[in-house]
Amino acid sequence: MNVVPPPLPVSSPPSPSRGRRISCAVAIFLVFVFVGPPVGALAFMLSIALIGMGLKVDLAGLSWIGLFAMIYAVPLSYFIGIGPAAVGGLVVGIRQAFYGSIRWPVAMLIGLGIGIGVMILSGKSMPPGLTDTEHPDYLPVMVITCFIATMVCWAIVRTWHFGPQGRAEAIA
């Protein structure tokens with residue numbers, strides 16, 4: 001007589017501890033704080049240069065501007081960009097560590113929201129600012145800068161998350 005043993009119960013993996021989730025959020029936060037400001041500085045300098053060049057874009061001149069941005073603007077970028085980068089890192093870090101991954105449309109909205117927040121906090125409100133007749137091209141530069149920096153940082157950390165049930169899909 002053949003006796004077949006009953007199948008073993010399949011259990012879900014153990015939920016990560018609160019400490020692992022917090023360390024995941026801190027790691028994401030640190031990526032945003034250390035990578036975001038230099039990327040934002042480079043995006044800011046290149047977008048200002050593109051606006052200044054107008055239709056006569058000179059790639060050699062643009063590459064020199066990029067080089068000087070890396071030398072001068074990147075070290076100074078932490079003075080201006082640490083706040084927006086910290087906000088983005090907190091939002092993305094907490095979301096991914098405790099609630100699951102963020103898809104690219106949500107990351108785009110976070111970047112745009114941070115850029116609009118920076119403009120509002122700098123004294124340039126969005127609706128009247130869009131009708132500025134003195135320098136209308138320069139107004140969306142901070143929004144674009146924050147958007148690009150957020151998307152680059154999100155691209156680095158997009159797989160660092162725990163699911164809502166605690167499954168670690170991409171964290172070692």
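Observations
- In sequence order, calculated HN-Hα J values of region 16-22 (Karplus, 6.51, -1.76, 1.60; Hz; x Gly/Pro): x, 5, 4, x, 5, 5, 5
- Phi-derived couplings, Karplus 6.51 cos²θ - 1.76 cosθ + 1.60 at θ = phi - 60°, listed residue by residue for region 70-76: 5, 7, 9, 7, 4, x, 7 Hz, with x used for Gly and Pro.
- Simple spin-label estimate for Phe34 and Val3 gives 5.9 nm between the two label positions (7 Å along the Cα-to-Cβ direction from each Cα).
- For region 36-128, the Cα-based Rg and Dmax, in that order, read 15.7, 48 Å.
- Treating r as the C-beta distance of Ala60 and Leu90 and R0 as 35 Å, the FRET efficiency rounds to 0.30.
- Solvent-accessible area per residue, Å², over region 1-124 with all protein chains present [probe radius 1.4 Å]: 64 Å²
- Between Tyr72 and Ile156, full extension at 0.36 nm per residue minus the direct alpha carbon distance yields a gain of 27.8 nm.
- Region 44-55 - phi-based ³J(HN,Hα) in whole Hz, Karplus 6.51/-1.76/1.60, Gly and Pro as x: 5, 5, 5, 6, 5, 5, 4, 5, x, 6, x, 7
The values are calculated or read from the model by the stated rules, or taken from the named source; none is laboratory data. Not measured: the values here are computed from a predicted model. We place every Cβ from the backbone using ideal geometry, glycine too, and count neighbours over all the protein chains shown. The accessibility values were calculated without ligands, DNA or RNA, using every heavy atom of the protein model including side chains. Shrake-Rupley method; radii C 1.70, N 1.55, O 1.52, S 1.80 Å.
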